[in-house]
Amino acid sequence: QVSWKLADHPTLPKGKTLALIVLDGWGEYKPDEYNCIHVAQTPTMDSLKQGAPEKWRLIRAHGQAVGLPTEDDMGNSEVGHNALGAGRIFAQGAKLVDIALASGKIYGGEGFKYISECFEKGTLHLIGLLSDGGVHSRLDQLQLLLKGASEHGAKRIRVHILTDGRDVLDGSSVGFVETLESDLAKLRENGVDARIASGGGRMYVTMDRYENDWDVVKRGWDAQVRGEAPHKFTNAVEAVKKLRENANDQYLPPFVIVDENEKAVGPIEDGDAVVTFNFRADRMVMLAKALEYQDFDKFDRVKVPKIRYAGMLQYDGELKLPGHYLVSPPEIDRTSGEYLVHNGVRTFACSETVKFGHVTFFWNGNRSGCFNPEMEEYVEIPSDVGITFNVQPKMKALEIGEKARDAILSRKFDQVRVNIPNGDMVGHTGDIQATVVACKAADEAVKMIIDAIEQVGGIYVVTADHGNAEDMVKRNKSGQPLYDKSGKLQILTSHTCQPVPIAIGGPGLAAGVRFRNDVPEGGLANVAATVMNLHGYVAPNDYEPTLIEVVNN
Ligand code: 3PG
Ligand code: CO
């Protein structure tokens with residue numbers, strides 16, 4: 001039985017309107033021409049920085065600070081928003097899967113037993129992101145799973161690959177496919193009929209999120225389940241090389257691998273087993289619904305084979321989706337959102353579609369919906385569909401700012417929480433000029449929200465979930481930009497390992513509140529207790545410590 005009542009903060013008052021702004025993909029890095037935040041005009045964020053060290057500081061947003069396996073793991077929005085919302089560091093999917101594979105426990109679990117009953121007669125299909133990015137999936141985990149599944153009886157395996165170029169360098173897909181092909185060849189030598197069956201770029205095929213564009217999932221379905229795609233190849237390395245002539249890894253069109261009679265080698269059939277091997281939820285939920293739900297009207301599936309399906313993890317704890325999974329997800333319970341709602345903090349959360357689940361679903365510990373509809377309002381601004389965000393770098397930043405402003409001025413809410421996506425979503429395109437425009441737009445949205453907070457005498461907390469726009473090139477150890485063989489600058493589309501800023505302020509901030517200097521290693525998970533304090537409460541004991549103190553002057 002959870003006791004939801006939070007203790008009153010000894011000095012800080014309740015009832016101040018608090019704006020909680022998360023800039024997506026906004027880290028701190030040395031100022032040079034590839035730091036788009038530095039290049040862009042960002043007067044609001046610049047002025048917040050002037051408040052250092054009492055009202056502005058840096059916090060950790062990658063590696064173990066957010067529950068990832070190693071310090072080389074860059075941050076990402078899932079683990080970042082989980083930490084921000086939950087106030088504690090949970091071992092995340094990447095790490096839990098590593099442990100389950102290393103111990104072999106994955107093969108003794110309910111999920112694996114469930115799918116393995118198909119191995120005698122059916123095919124095992126593995127669908128997921130093929131890279132070593134470690135954000136949604138990892139190649140080495142797929143390799144171990146392939147080996148383990150074949151040792152545990154899988155005789156026929158088909159892999160449906162999604163090429164990356166977003167969490168890893170563009171162009172790296174070719175190498176990953178070659179590595180996978182050589183693993184599959186080894187399996188074939190051992191008598192397992194193992195092949196790549198289909199593929200496509202992650203942003204164009206399968207890995208949409210938050211129901212932004214079901215066509216993306218449909219394109220994948222047609223290739224993976226029906227064996228139909230506009231492009232047919234007999235070899236996946238060739239496919240990727242050829243399709244890259246007209247598209248980046250992220251956006252490769254769907255293809256199927258066919259035999260000498262032009263017949264697809266691996267559509268999903270009755271009696272087959274399917275595993276989606278991404279551990280991260282947001283971009284697998286839509287496919288999971290298509291695979292799992294009897295009633296489904298998002299697109300015409302045409303063919304609905306009777307399969308046994310398991311996720312690498314369970315992706316949605318509230319929907320219990322999917323019902324079967326190989327590894328139990330982190331149990332992110334008692335999040336700050338749930339506590340605050342129980343203590344009467346009325347909450348408004350908003351972003352545009354592509355980041356909407358970040359400030360709701362991830363924030364609340366990978367849980368759909370709100371805790372108490374009478375206390376909470378979640379507003380989604382529809383994202384532009386079918387474009388890459390470098391052509392629309394302002395995205396919906398100002399619309400998000402307006403919605404937050406109106407929510408603040410309405411005085412109906414105690415917490416107004418937003419995610420402003422630009423630095424991240426445009427940063428991922430690798431378009432430096434567009435990312436500069438994106439950062440400026442994000443800064444303007446911050447200003448709009450802070451101005452509203454000034455009007456109502458409230459408090460603001462501005463932070464970010466991980467780095468991205470502050471560094472757009474791959475660098476050597478001493479920080480020099482790297483060039484490829486042809487002399488071209490290597491553009492970094494991915495996140496970074498940089499720390500992110502956090503700033504506090506506003507007329508409602510009590511006198512004497514400042515950042516403590518005794519939590520130098522503070523990270524995203526320390527923000528929840530900080531915010532609880534600013535709402536007038538003390539965080540639960542097991543939360544990471546608050547970043548602030550109140551000094552008497
Ligand atoms: C994506 O899913 O777009 C990237 O892999 C990670 O970006 P995010 O963690 O910022 O959502
Ligand atoms: Co991102």
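The values are calculated or read from the model by the stated rules, or taken from the named source; none is laboratory data. Model, not experiment: these values are computed from the prediction. Heads up, the Cβs are rebuilt from the backbone with ideal geometry, glycines too, and the neighbour counts pull from every protein chain shown.
Quick notes
- Candidate set from segment 202-250 (those that are within 16 Å of ligand 2 (Cβ to nearest atom) and not in a loop (DSSP other than H, G, I, E, B)); member that is nearest to A185 (Cα to Cα): D249
- The set of residues from segment 109-145 being away from ligand 1 (no atom under 16 Å from the Cβ), assigned to a loop (DSSP other than H, G, I, E, B) and of a type in the set (S, T, N, Q) comprises just one member, T123.
- A Cβ distance below 9 Å, combined with a sequence gap of six or more or placement on separate chains, defines the contacts here; from segment 512-534, residues that are under 16 Å from G75 (Cα atoms) and surrounded by fewer than 24 Cβ atoms within 10 Å (Cβ to Cβ) reach residues that are at pLDDT 95 or above and among the small types (G, A, S) in the pairs E521/A65; G522/A65.
- Checking E318 against (1) buried (at least 19 other Cβ atoms within 10 Å of the Cβ); (2) within 30 Å of R367 (Cβ to Cβ), the condition it does not meet: (1)
- Residue pairs meeting the criteria (Cβ under 6 Å; at least 6 apart or on separate chains; first assigned to a loop (DSSP other than H, G, I, E, B), in segment 462-491; second acidic (D, E) and surrounded by 15 or more Cβ atoms within 10 Å (Cβ to Cβ)): D465/D24; N468/D424
- Where strands (runs of 3 or more DSSP E) fall entirely within segment 276-382, those with at least 1 residues that are charged (D, E, K, R) and free of Cβ contacts under 8 Å to residues at least 40 places away in the same chain are at 376-381.
- Residues satisfying the stated conditions in segment 53-108, i.e. surrounded by 20 or more Cβ atoms within 10 Å (Cβ to Cβ), away from ligand 1 (no atom under 15 Å from the Cβ) and on the phi > 0 side of the Ramachandran plot: G87
- Any chance D24 is within 16 Å of ligand 1 (Cβ to nearest atom) and closer than 30 Å to V341 by Cα: yes
- Odd one out for S3, checked against (1) more than 16 Å from ligand 1 (Cβ to nearest atom); (2) within 30 Å of M448 (Cβ to Cβ); (3) part of a loop (DSSP other than H, G, I, E, B); (4) of a type in the set (G, A, S): (2)
- When residues of segment 492-503 are limited to those that are in a strand (DSSP E or B) and of a type in the set (A, V, I, L, M), the one nearest to Q64 (Cα to Cα): V500
- Of the residues making up segment 146-158, not a single one is under 19 Å from the mean Cα position of the chain (by Cα), surrounded by 23 or more Cβ atoms within 10 Å (Cβ to Cβ) and outside any helix (DSSP H, G or I).
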